[in-house]
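Here the structure comes first, spelled out in structure tokens, and everything after it is commentary.
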Amino acid sequence: MAEFTSHLESKSYKTRYRAEFITITDDIEQAIARSGVKRGTITIQTHHTTCGVWVNENEKNPIGPSEELGYASDLRKIMDTFASPALEYGHNDICDAHNASGKRNTHLCEPDENGEIHECINGHAHAQAMLMHVSLTLIVEEGKLLRGQWQQVMLVELDHDRERTVSFLVQGVKA
Amino acid sequence: MAEFTSHLESKSYKTRYRAEFITITDDIEQAIARSGVKRGTITIQTHHTTCGVWVNENEKNPIGPSEELGYASDLRKIMDTFASPALEYGHNDICDAHNASGKRNTHLCEPDENGEIHECINGHAHAQAMLMHVSLTLIVEEGKLLRGQWQQVMLVELDHDRERTVSFLVQGVKA
Amino acid sequence: MAEFTSHLESKSYKTRYRAEFITITDDIEQAIARSGVKRGTITIQTHHTTCGVWVNENEKNPIGPSEELGYASDLRKIMDTFASPALEYGHNDICDAHNASGKRNTHLCEPDENGEIHECINGHAHAQAMLMHVSLTLIVEEGKLLRGQWQQVMLVELDHDRERTVSFLVQGVKA
């Protein structure tokens, strides 16, 4: 009779720019190794509403001097066509000393000494979250993540540079 | 050696309008509490093809007199740009007494006494289901849903007002 | 005390065309039956980056002589509006003997005897993968997949005709 076991850990990532795709497969493999689970699942969950996790190729297509111009550029173009940062969002119409007629007066941080509220202007990022996953459950087999040749797990930043936390829960049997 | 346990329950929701976002986090917390699971996962699964579950902020942005004009309005605009209800869908071209040349003659309910078939005209809702999740698996820790400050679980209606069923399976260990 | 058990198997599918929706519910039911699991979950995971799994209606709407003209046609229209195959993608700008100024020089297969690299021109398929799932975890109850009347599990091809592998992990208790 196999013994069921579980292992939970969290890791923080410092993202650098909007639409950054950060490969976290190695961190996942390490969490699986630490868990001792040989067969089971790993649930990868962000703690946020404007970033996500995704499995795809992590090709850094070297168009130009920056990785930002590469593969992520294709995907950002599609995400921004889906929900453009340039659109008007009710979410961004924040009521503060600089915008007395703003319609949004909930879920706001405290105003500064000038009565200005420094919320992220990120209506597009909430909408783009429909294209990503808050959580992914993937298969663990022989103590490793089951994945095809091109599959990598990525943390995808939809907002500006921020600190992001991701939790990894490994569950299954040890032998 | 930890004891593996599981707990399954279902709950029905009466949705009120298209693109309604119903926060169900409290129901999820109660299901976890009833399960006795301290660490594990909860799988939240709808029984339908034109609604979904989603994790995001549940801000009801009070633009105007109705919550329907708030946060959900931003997201509905994006969803309807993705797959407009005004587009023509083969799915909606139902063959009945009123539309003898209709191309769709499968997966239909019975005609009424006048030969009319009262199917939902919801081709857009099936397409918008690509933006939502039929099922989400989230982490349970210390007997509670693991979630960040702004994360709420929502049932999202993509069709008209209907009765919807969601099942909650909690799996893990009690101590 | 219930005994935790797990069962893993994989199956290959030969897809026939882009935007093919292949119903795999029967294969899933058979994997569950072979596992002996009465209550638990099944995690359905593809090994690829340009196909996905999805739960929806599998209506083959018989518009015209081919299933390709039916229900899948509605969805393909929406997917191609989201990320058109006709757009320019950096991913497709492959550097080889025929395109010396191509910007992509990573993640490529070997050139043929004429220096041509036969990569799939599938930037759109990577982007459309944002609409699908690499992995789905669904509930098993009474030894069967828990699902509503219209729910079917589908493998969705986003690229051309290819061989695709899907793994099924069933976890839970036998009684």
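Rule-based calculations on the coordinates, nothing more; no lab input. The structure displayed is predicted, hence computed values, not measured ones. Neighbour counts run over all protein chains shown; Cβ positions are idealised from the backbone, glycine included.
Just tell me which aspartates and glutamates come within less than 14 Å, Cα to Cα, of A:K174; anything on the same chain fewer than 8 places away is out.
Within reach: A:E3, A:E141, A:E142.
For C:N105 and A:H160, FRET efficiency with R0 = 30 Å and r from the beta-carbon atoms, rounded to 0.05?
0.50
Using the Cα centre as the reference, give the magnitude of the dipole from point charges on the C-beta atoms of the protein assembly as shown (Lys, Arg: +1; Asp, Glu: -1; all else neutral), rounded to the nearest 20 debye.
1580 debye
Counting other Cβ atoms within 10 Å, keep those with at most 16, restrict to DSSP loop, and tell me which GluC sites (Glu not before Pro) in the range A:135-174 are left.
A:E142
With springs only between Cα atoms under 10 Å, which of C:G52, C:G123, C:G148 fluctuates most in a Gaussian network model of chain C?
C:G148
Quick one: angle between helix A:25-35 and the longest Cα principal axis of chain A, in degrees between 0 and 90, rounded to 10, please.
Its long axis makes an angle of about 50 degrees.
Report the GluC sites (Glu not before Pro) located in the range A:1-41 that are in a DSSP loop and have at most 13 other Cβ atoms inside 10 Å of their Cβ, or state none.
Sparse-neighbourhood loop GluC sites (Glu not before Pro): A:E3.
Give the Rg (one decimal place) followed by the Dmax (whole number) of the range B:1-153, computed from C-alpha coordinates and expressed in Å.
Rg, Dmax (Cα atoms, Å): 19.8, 66.
Provide an ascending nm list, one decimal, of label-point separations from A:C109 to the equivalent residue in each further copy; define each label point as 7 Å from Cα along Cα→Cβ.
A:C109 label point versus its equivalents elsewhere: 5.0, 5.0 nm.
Just tell me how shielded A:8-16 is by partners: mean number of partner chain Cβ atoms within 10 Å of each residue's Cβ, no decimals.
For this peptide, the per-residue mean of nearby foreign Cβ atoms is 1.
Once you place label points 7 Å from the Cα toward the Cβ at B:K14 and C:T25, how far apart are they in nm?
For B:K14 paired with C:T25, the spin-label model returns 2.9 nm.
Taking the alpha-carbon centroid of each part, what is the distance from the range C:15-60 to the range B:109-167 in angstrom?
Comparing the Cα centres of the range C:15-60 and the range B:109-167, I get a distance of 19 Å.
Quick one: C:C109, A:C51, fewest Cβ neighbours within 10 Å first, how do they rank?
C:C109, A:C51
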